[in-house]
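In what follows, a single structure is set out as structure tokens and then discussed.
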Amino acid sequence: MSSHERVDVGAVLAHLGDSVKSFLTTRGINLPVFVGIHTGGVWVAQALHAHCAVAEPLGMLDVSYHRDDVARTGVRPLKPVRMPASLDDRHVLLIDDVLFTGRTTRAALNELFEYGRPASVSLVVLVERPGREIPVAPDLTGMRLELGPEDRVKLQGPDPMELVITRPNDSLLEEPAR
Amino acid sequence: MSSTQPTLFRLPPAAQYQLDEEGRLRHFLTIEGLPTALLEEILSTAQSFHTASDQAARKVPLLRGKTIVNLFFEASTRTRTTFELAAKRLSADVLNLDMATAATTKGESLLDTLRNLEAMHCDMFVVRHHQSGAAHFIVRHVAEHISVINAGDGRHAHPTQAMLDMFTLRQHFPDFSAITVVIVGDILHSRVARSEIQALRALGVGEIRVIAPRTLLPREATSLGVIPFKSMEEGLVGAQAVIMLRLQKERMHGSFVPSETEYYRLYGLTRARVELLAEDGIVMHPGPVNRGVEIESAVVDGPRSVILKQVRNGIAVRMAILSMAMRRHAW
């Protein structure tokens, strides 16, 4: 038996939204482009996009075709992709739900640059957990979870949005106590 | 119908070759026997690759490091170039072998050619051949890691053309069950017609009609699930789409039609006949178009024509098929 924990992220999202606002102000970014990574990243991006009242429509990326494991998993139809005509000279906020190995971020960056040469790209994640396999670091983080390599965290949503944390190893620890 | 009518060329169903143990695409040889869900997946994946005509084409790295060989034993411009573009937009390396001028003319057998290409670490063969069943033959004799895509074999099948036509139809008519599609022309010799009919049926098109001279209509037409019509005036009425076929003079041995003029008078798609279609009806043609032989020039260029859209859609659909048939790594 593994343990499941459900965490509501409403407060974390609101706090992250405020952080994004002050980040944009500090950097002097007036016309940011918010881009969410399917699926969970789009939900987070939608919330932040509304919180910050961004004028530009929300961008959405499905990075499946740029992933380094696609040769193993096979090709699937993409979720709807919506991007501005060009990202040339734009300040992009790339938004994802969970930052783990960094491979999704790598794939997203590759795909982003197909749309032009942004002035800057900043990474915003709802959850950061250890386990990076690629040198990627977030600019803004909602919360940090100290999870082991076998633990899993998944954002469910979009309404309500909550994190489901699964720790398969807990059962081993709990067993003797019974 | 009389028993003197010609019969279709038939191969055994190729489903056992086309799918792997998990039911995923392995080779793409014919529409026949493929599950409808897989055909739908091809269309959805193609939609992921589709870019509007005003958007820049984007490359994806899906087939990076793979080598695709266009193995064309029969002339082709549209099919070969769209396969080439599709492969390049998937980041594959592409070899174009025009087999009409290649080593085979120096006496090398097809199997020896295949062995040589295998030795060059090629991953996928896109095959066009004048003999029905050529792609099946290659599948049976090629190394395990190679995928084979049929780009047209004799009178048998042209499955990627059928899928790009389904994609084009879907853009105009999302609900296939409500539409009538008419195929006009040389049904007998046409691999396109055969694959189209199979795809239209599998995807649940409401009504499929064929219009052809009796000599170019296979005896089994009705058992294919299509309704034969003798005249354009009857068969075109109220249809949402008409697919015109080219007169395939190179595959006709003997006199199937009295003359081109007579054929055009009876079966040519003129502006007047286009008016018989439903109000939103579209005109399709797999190419190459013979203006004034099976279709009036003004119809080719007219507002109902989606012929160039078909060509453009061919790239996205072939990208979907190439990437889905790519062998997955087992690591």
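Each reported figure results from applying straightforward, stated rules to the coordinates on display, with no laboratory input. Since the model is a prediction, treat every value here as computed from it, not as a measurement. A quick note on method: Cβ atoms are made from the backbone with ideal geometry, for glycine too, and the neighbour counts reach across all protein chains shown.
Quick notes on this one:
- Phi-based couplings in Hz for region B:174-182 (Karplus 6.51, -1.76, 1.60; Gly and Pro marked x): x, 9, 5, 5, 9, 10, 10, 10, 10
- Net charge of Cβ neighbours under 13 Å - reference A:Asp97; Lys, Arg +1; Asp, Glu -1: 0
- B:Val126 long-range amide H proximity, modeled H, under 5 Å: B:Val69, B:Asn70, B:Leu71, B:Ile149
- Debye, to nearest 20: dipole size of chain A, +1 on Lys, Arg Cβ, -1 on Asp, Glu Cβ: 300 debye
- Over region B:117-227: Kirkwood hydrodynamic radius from C-alpha pairwise inverse distances, Å: 15.3 Å
- Listed residues B:Gln171, B:Ala272, B:Pro286: farthest to the positive end of the dipole of region B:159-306 (Cβ charges): B:Pro286
- Cut-off 9 Å between beta-carbons: net charge of the residues surrounding B:Met326, Lys and Arg +1, Asp and Glu -1: +2
- In the distance distribution for region B:159-306, Cα-Cα pairs more than 20 Å apart total 41 percent.
- Ordering A:Ile165, B:Ile138 by the number of other Cβ atoms within 10 Å of each residue's own Cβ, fewest first, gives A:Ile165, B:Ile138.
- Charge tally in the Cβ shell below 14 Å around B:Pro303, where Lys, Arg are +1 and Asp, Glu are -1, B:Pro303 excluded: -2
- Footprinting exposure proxy ranking of A:Cys52, B:Cys122, fewest other C-beta atoms within 10 angstrom first, gives A:Cys52, B:Cys122.
- Once the Cα atoms are used to define both axes, helix B:110-119 deviates from the longest principal axis of chain B by about 50 degrees.
- Per residue Cα convex hull volume in Å³ - calculated over region B:286-331: 69 Å³
- Counting only Cα atoms, the size of the protein assembly as shown along its three principal axes is 85, 52, 49 Å, in decreasing order.
- Considering only beta bridges that DSSP places wholly inside the protein assembly as shown, some 20 percent are antiparallel.
- DSSP H segments from chain A that extend 20 Å or more along their own axis, Cα-based, with Kyte-Doolittle mean of -0.5 or above: A:10-27
- Kirkwood Rh in Å, taken over all unlike Cα pairs in chain B: 20.3 Å
- Where only C-alpha atoms are counted, convex hull volume of region A:1-153 per residue in Å³: 126 Å³
- Nearest 10 degrees, 0 to 90: helix B:191-202 Cα axis against chain B principal axis: 90 degrees
- Which listed pairs, of A:Lys154/B:Lys88; B:Lys88/B:Lys309; A:Lys154/B:Lys66; B:Lys59/B:Lys309, have C-alpha distances above 27 Å, in listed order: A:Lys154/B:Lys88; A:Lys154/B:Lys66
- Sparsely packed loop sites in region B:65-162 (the trypsin sites (Lys or Arg not before Pro) outside DSSP H, G, I, E and B with at most 10 other Cβ atoms within 10 Å) do not occur.
- Check: the protein assembly as shown dipole with +1 on Lys, Arg Cβ and -1 on Asp, Glu Cβ, in debye: 1160 debye
- GNM result for chain B, Cα springs below 10 Å: residue of B:Arg58, B:Arg312, B:Arg246 fluctuating most strongly: B:Arg58
- Spacing of the two label points (7 Å from each Cα toward its C-beta) at A:Ala85 and B:Ala272, in nm: 4.5 nm
- Sequence-ordered 3J(HN,Hα) estimates for region B:268-282 from the Karplus curve with 6.51, -1.76 and 1.60 and θ = phi - 60° stand at x, 8, 9, 4, 4, 6, 4, 5, 6, 5, 4, 4, 9, x, 10 Hz, glycine and proline given as x.
- Proxy reagent accessibility, fewest Cβ within 10 Å first, across A:Glu146, B:Glu196: A:Glu146, B:Glu196
- Taking amide H as placed 1.01 Å from N in the peptide plane, the amide H of A:Arg144 sits under 5 Å from that of A:Glu128, each at least 5 places away or on another chain.
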